[in-house]
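Notes for the one structure printed next.
Laboratory data are not the source of any read-out in this text; all were calculated from the coordinates shown. Quick caveat, the model's predicted, so the values are computed rather than measured. Glycine also receives a Cβ, built like all others from the backbone with ideal geometry; neighbour counts cover every protein chain displayed.
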Amino acid sequence: MSTAFYTHAECRLHDMGAGHPECPQRLDAIGDHLRATGLDMALAFHDAPQATLEQIERAHTVGYVTQLREVMEQVAAEGQPRALDPDTIVGPGTWRAALRAAGAAVAATDEVLAGRAENAFCAVRPPGHHATRDETMGFCFFNNVAVAARHALDVHGLQRVAVIDFDVHHGNGTEDIVAGDERILMCSFFQHPLYPYSGAVPKGTNMVNVPIPPYTRGGELREILEAMWMPRLEEFKPQMLFISAGFDAHREDDLGQLGLVEADYEWITQRLVAVAARHAQRRIVSCLEGGYSLSALARSVAAHLRVLAGV
Ligand SMILES: [Zn+2]
């Protein structure tokens, strides 16, 4: 049993322009650090397949997917980038990258549920947790984690899965998709107030939203999560865990003002691995969301992966 690592060269093709923090170099930084530390030896590498539209439409409306495909194919043909909102820009390579990102999450779910890997990490972009059922937002097009969670429920027949989101920003897109779906328990924390300024009032009883004030540090955050997340996860007994793994709550990340360090990501991962061991046959699929300080991102992903891989 091993930790599967999904990525694809086409995830680098999505480029929102010079100076945009959600850049292809994020994946290079992660890959370089894994090789430099030798952690790559503990992982089973896989090329991500493309998601099918049917898989994506388990989390998004058919109208949204159709319209986005038309825009993305037009942009690919013309070669001219187009901004769908001030933060979210379609370029010629975006369609292929977005299909690989969602496809990674689906394939990782298949791999873990087949018992070929204990858990999996998807080093992919574009990220997904701000993408709602029918809107792009905040660097996100397809909600990779929601697509994977629905795949586990609708295709593999699981009855209960947990989605855990530790990105510094509220996963409003995931909440939009899963709120009210009682097969899913979503636990998140996020800096509040901060973009997208939502989440303080949860949209469903299956949502455990934990707003955190700016400048909170790891020690304090651990106590809050222990009290707010853990009892709900234990009670829910998820059969599989999906993680929206954003690393922008790191103290070196300029997009948020929280004070986490690598040891905090290690602790969060350990707590989730323990829940998965008790209830979910150790099954976890984790997908990269944010994290924009390249060095802090690479070190934090490594801390997360060391716990997943048990090395
Ligand atoms: Zn974020």
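Stretching the chain fully between Arg116 and Asp47 yields a gain of 23.3 nm (0.36 nm per residue, less the alpha carbon separation).
Were the residues from Lys237 through Arg217 laid out at 0.36 nm apart, the gain over their Cα-Cα distance would be 4.3 nm.
Taken along the Cα-to-beta-carbon direction at a fixed 7 Å, the label points for Gln270 and Glu73 span 5.1 nm. Multiplying the residue separation of Glu182 and Glu54 by 0.36 nm and removing their Cα-Cα distance gives an extension gain of 43.9 nm. Checking the a/c ratio against 1.5 first, then a/b against b/c, what shape does the Cα gyration tensor give for the range 220-266? It comes out prolate by the Cα gyration axes.
For the peptides 183-191, 20-28, the ranking by mean Cβ contacts within 10 Å, running from highest to lowest, is 183-191, 20-28.
Sort the range 164-286 into rounded, prolate or oblate with this rule: let a ≥ b ≥ c be the square roots of the eigenvalues of the Cα gyration tensor; rounded if a/c is under 1.5, and if a/c is not under 1.5, prolate when a/b is larger than b/c, oblate otherwise. It is oblate, given that a/c is not under 1.5 and a/b is not larger than b/c. In this Cβ point-charge picture (+1 for Lys and Arg, -1 for Asp and Glu), the chain has a dipole of about 720 debye about its Cα centre.
Gyration tensor over the Cα atoms of the range 24-86: the corresponding equivalent ellipsoid has semi-axes (square roots of 5 times the eigenvalues, largest first) of 32, 18, 10 Å.
Contact order, relative form, for the range 1-155: 33 percent (alpha carbon pairs under 8 Å, 6 or more residues apart, mean separation divided by residue count). Tell me which of Val275, Phe121, Gly91 sits at the most positive position along the dipole axis of the chain, charges placed on C-beta atoms (Lys, Arg +1; Asp, Glu -1). So the residue furthest toward the plus end is Val275. Per-residue packing, averaged as other Cβ atoms within 10 Å, sorts the ranges 248-258, 271-281, 69-79, 116-126 into the order 116-126, 248-258, 271-281, 69-79, beginning with the highest. Each label was represented as a point 7 Å from its Cα along the Cα-to-Cβ direction; for Gln281 and His156 these points are 0.8 nm apart. Between the range 111-148 and the range 168-219, the C-alpha centres lie 17 angstrom from each other.
Left without a cysteine partner by the 4.7 Å Cβ rule in the chain: Cys11, Cys23, Cys140, Cys187. Here the scattering of the chain is modelled by Debye summation over its C-alpha atoms, one equal scatterer each and no solvent; at q = 0.07, 0.08, 0.12, 0.14 Å⁻¹ the log10 of I(q)/I(0) is -0.22, -0.29, -0.70, -0.99.
Inter-label distance, Ala18 to Glu226: 4.9 nm, where each label sits 7 Å from its Cα along the C-beta direction. Taking one equal scatterer on every alpha-carbon of the range 108-187, how large is log10 of I(q)/I(0) by Debye at q = 0.14, 0.27 1/Å? Relative scattering, expressed as log10 I(q)/I(0), comes to -0.46, -1.40.
With the highest mean first, a sort of the peptides 140-146, 164-170, 46-52, 295-301 on other beta-carbon atoms found within 10 angstrom per residue produces 140-146, 164-170, 295-301, 46-52.
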